[in-house]
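Here's the structure we're looking at; comments come further down.
What follows is calculated from the coordinates using simple rules that are stated; it is not laboratory data. Just so it is clear, the model here is predicted, and its values are computed rather than measured. Quick reminder, even Gly has a Cβ in these numbers, built from the backbone with ideal geometry, and neighbours come from all protein chains shown.
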């Protein structure tokens, strides 16, 4: 559905995207994951034909986004960052206007507006002025606009930005449902969001793709690298010796916690699950164990790891 | 064509859903009312045989409306879309840049024509109560209106360019106002040089919008003026189009 080859975009003075190549197959939900300024919006803007690339080729459904922009735009539903809308219009009126703008006939645009309003649960607010709606509803209006001309590909730039947790959940569910019938490329800087909705993730940093994998594999990577936190009531010195004699532990930190407990943060060697070891140790010695958790890596940690790995590979 | 009409409708809608359309209409009505009052005063004070519309131009209310209303009508065209981000949703829909520019311009033009309709009310008023039916005959009315439309085209295209240059409404209005005032003030050059013949006089008379408007108000439709307005409008619309396209090569 999308073929991007050696895409580079330079703005006056700086390069936003450097030599990016990736493909997205029909029916996939792919997440572009990266911190602010990584080049996510730039890639989406080029895909949506808003601006051209400096070099490289970008094809959507086999059509070039620069030379066949009109055809491409007909096949794409794009929701830009911050979801800009004509807020003085009413929901149904806006969707009909957008449908007409995208070339649908009058009866067809009426029909499609009603369908997408149903799809995005907007029917009960169809006659409200967009500015008076909550942000969650406005976001759904933006999504409905992206869908109204039945595009094959949907591009969403930060679709859950600025929403409250309930609204985020609703929008994610909607994206997931849409994924059953559409190809979706969305950008986000929130890892769990991408994990939950996407079938594949591209990690972007400083305008380069550092990793492309399924969320499961990224998750596995994380689990292997995750630290284990244990709160144990034991003499500090004995505990220290115990950690040092466990070969699976790479590093350990201890801090006094509430009561007589010590809070230990343990970094295992790669591929080792420390939790059974700790449990065994505690039961053998008769030390009370009140907490045993594996911390998940934050997005930041993954970036640090991936960018670090990237640097090692370079020379 | 469908997208063009859809966009024009949306342009008009945006003026009448928000306050701008009504405020401008009300402001113009107020100024036209004032001009009617001052015209009456003048006519009662002394007799003259100038056509009504020419007298109206001499009250300067016409120029006040033109200079003040056009920046307000055009400032939103592009600047507001850029500011609110809807420019991106607009330009990623399957529409051409030229279509967008022409639609925005046409929307502004429709409004411009609308705000001048009350002027006919003024004409009818004078015709009805005046003893001389020739003060405002159909011919001069038509040529005056043609002049208003042509002048409007020039000012609206300048306003569209100003709005395309920036994402700030105030800046857009100020650029449009500065351009408009400059063109207006340029007309005064003719008054200084009209005595000495030469290429300067020739040039100034070509660009003097005051002189052009006076001709139109007398019922004279000069093709030179026609060509001037149409070509100047085309130039400003072309510049607007290039400004809109500039996002592609920036």
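With angles folded into 0 to 90 degrees, how steeply does helix B:61-74 sit against the dominant principal axis of chain B? Use alpha carbons for both and round to 10.
The answer is roughly 10 degrees.
How far apart, in nm, are the 7 Å Cα→Cβ label points at residue A:255 and residue A:214?
3.7 nm
Using 7 Å Cα-to-Cβ label points, what is the residue A:21/residue B:22 separation (nm, one decimal)?
Label at residue A:21, label at residue B:22, 6.0 nm between them.
Can you give the Rg/Rh ratio of segment B:2-248, where Rg is from the C-alpha atoms and Rh is the Kirkwood radius?
My calculation puts Rg/Rh at 1.00.
Hey, what's the per residue convex hull volume over the C-alpha atoms of segment B:122-184, in cubic angstrom?
On the way: hull volume 6.3 nm³, N = 63.
Taking only Cα atoms, segment B:122-184 has a hull volume of 99 Å³ per residue.
Could you work out the percent of alpha carbon pairs in the protein assembly as shown separated by over 43 Å, rounded to a whole number?
42 percent
To make sure I understand, if each residue's beta carbon is the centre and we count other beta carbons within 10 Å, what order do B:146, A:156 fall in, fewest to most?
Going from sparsest to densest Cβ surroundings: B:146, A:156.
Give the calculated FRET efficiency between residue A:272 and residue A:237 to the nearest 0.05, with a Förster radius of 25 Å applied to their Cβ-Cβ distance.
Calculated value: 0.50.
Put a dot 7 Å past each Cα toward the Cβ at residue A:294 and residue B:170; how far apart are the dots in nm?
Inter-label distance under the simple model: 5.7 nm.
With a Förster radius of 56 Å, plug the Cβ-Cβ distance of residue A:166 and residue B:247 into 1/(1 + (r/R0)^6) and report the FRET value to the nearest 0.05.
About 0.95, to the nearest 0.05.
Ranking B:62, B:78 by Cβ neighbours within 10 Å, fewest first, what do you get?
The most exposed by this proxy come first: B:62, B:78.
Let me have the 222 nm mean residue ellipticity of chain B computed from DSSP H runs of 4+ only, each contributing -39500 (n - 2.57), with the sum over all residues rounded to the nearest 500.
It comes out at -26500 deg cm²/dmol, rounded to the nearest 500.
For chain A, give me the percentage of DSSP beta bridges that are antiparallel, rounded to the nearest 5 percent.
Of those bridges, close to 65 percent are antiparallel.
Is it possible to state the helix-based mean residue ellipticity at 222 nm for chain A, with each DSSP H run of 4+ residues giving -39500 (n - 2.57), the sum divided by total residues, to the nearest 500 deg cm²/dmol? What is it?
Roughly -11500 deg cm²/dmol at 222 nm, from the helical runs in chain A.
Can you give the relative contact order of chain A as a percent, counting alpha carbon pairs under 8 Å and 6+ residues apart?
19 percent
State the antiparallel share, in %, of DSSP beta bridges confined to the protein assembly as shown, rounding to the nearest 5.
Here the antiparallel bridges make up roughly 65 percent for the protein assembly as shown.
Compute the angle between helix A:135-147 and the longest alpha-carbon principal axis of chain A, please, reported from 0 to 90 degrees and rounded to the nearest 10.
60 degrees
Partner chain Cβ atoms within 10 Å, averaged over the residues of A:73-81 - can you pull that number for me?
3
Taking the 0 to 90 degree range and rounding to the nearest ten, how far is the long axis of helix B:138-165 tilted relative to the main principal axis of chain B, both from C-alpha atoms?
Between helix and principal axis, roughly 30 degrees.
Just rank A:243, B:249, fewest to most, by other beta-carbon atoms within 10 angstrom.
Going from least to most buried by this count: B:249, A:243.
Explain nothing, just the number: relative contact order of chain B, from Cα pairs under 8 Å at least 6 residues apart, as a whole percent.
Relative contact order, chain B: 26 percent.
On full extension of the chain, what length is gained from residue A:57 through residue A:3, given 0.36 nm per residue of separation minus the C-alpha to C-alpha distance?
Gain in length upon complete extension: 18.6 nm.
Dividing the convex hull volume of the alpha carbon atoms of segment B:80-218 by its residue count, what do you get in Å³ per residue?
152 Å³
Under the Kirkwood approximation applied to all pairs of distinct alpha-carbon atoms, what is the hydrodynamic radius of chain A in Å?
Value: 22.2 Å, from the Cα pair sum.
Over segment A:1-69, what relative contact order in percent results from Cα pairs under 8 Å that are six or more residues apart? Write down the numbers at each step before the final one.
Working: 110 pairs, mean separation 28.0, N = 69.
For segment A:1-69, the relative contact order is 41 percent.
Indicate, rounded to the nearest 5 percent, the antiparallel portion of the DSSP beta bridges found entirely in segment A:151-264.
70 percent
I'd like the distance separating the alpha-carbon centroids of segment A:31-78 and segment A:85-104, in whole Å.
23 Å
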